[in-house]
Amino acid sequence: MKSISVAIFGLLVPLLITNPARSENPAHVKQLLSSGECFGCDLSGANLTDAHLIGADLRQANLQEANLSGANLEGADLTDANLEGANLTASFVTNASLNQANLDRVNLTAAVINDADVSGASMIGINITNAQIFNTGIAVGGDSE
């Protein structure tokens with residue numbers, strides 16, 4: 001009997017100490033896609049691939065680890081949003097506000113970024129490989145204009 005208890009305990013311990021999977025709030029995703037407004041929403045880990053988020057209100061939203069590859073964020077307001085670890089590969093970020101946003105470890109590979117406001121944004125470890133960046137304060141190794 002003791003060996004059965006030990007075996008069961010051994011099987012359950014990994015389940016108990018494993019971090020729960022982070023995922024978005026489905027109601028928030030639906031709200032964003034239907035209205036374009038999601039102030040303060042939890043969209044962490046959301047799959048927003050190729051989403052048309054033109055002019056979306058995403059102020060203070062949690063988009064940590066979200067997949068926004070191919071998304072159109074033209075004119076979106078992401079002021080004070082958390083995009084840490086988000087994937088914005090081949091996204092379109094024009095006239096967007098990213099003031100005070102957390103852009104740490106964001107993947108902007110092949111993104112088009114034009115006239116985006118990144119004032120006060122944290123950008124530790126961003127990936128801008130093959131990104132097209134114009135009139136935006138994102139640069140590698142020095143001051144930008």
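Observations
- Segment 48-138, dipole about Cα centre (Lys/Arg Cβ +1, Asp/Glu Cβ -1), debye to the nearest 20: 160
- Seen from V106, the other residues with C-beta closer than 12 Å to its C-beta sum to a net charge of -2, counting Lys and Arg as +1 and Asp and Glu as -1.
- 3J(HN,Hα) couplings calculated from phi for segment 86-92 with the Karplus curve 6.51 cos²θ - 1.76 cosθ + 1.60 (θ = phi - 60°) are, in sequence order, 6, 9, 10, 4, 6, 7, 10 Hz; Gly and Pro show x.
- When each of the peptides 117-125, 58-66 is scored by how many other beta carbons lie within 10 Å of its residues on average, the order from highest to lowest is 58-66, 117-125.
- Two-site label geometry, Q132 and T49: point separation in nm, points 7 Å out along Cα→Cβ: 2.3
- With an a/c value under 1.5 for the gyration tensor axes a ≥ b ≥ c computed over the alpha-carbon atoms, segment 85-145 is described as rounded.
- Dipole-positive endmost among L68, L108, A121 within segment 48-138 (Cβ charges, Cα centre): L108
- With a Förster radius of 41 Å applied to the C-beta separation of R105 and Q31, the computed FRET efficiency comes to 0.95.
- Segment 48-138 shape via C-alpha gyration tensor axes, a/c threshold 1.5: rounded
Bear in mind that the values in this text are calculations on the coordinates, not laboratory data. This is a predicted model, so every value here is computed, not measured. Because the Cβ atoms are built from the backbone with ideal geometry, glycine has one as well, and the counts that use them run over all protein chains shown.
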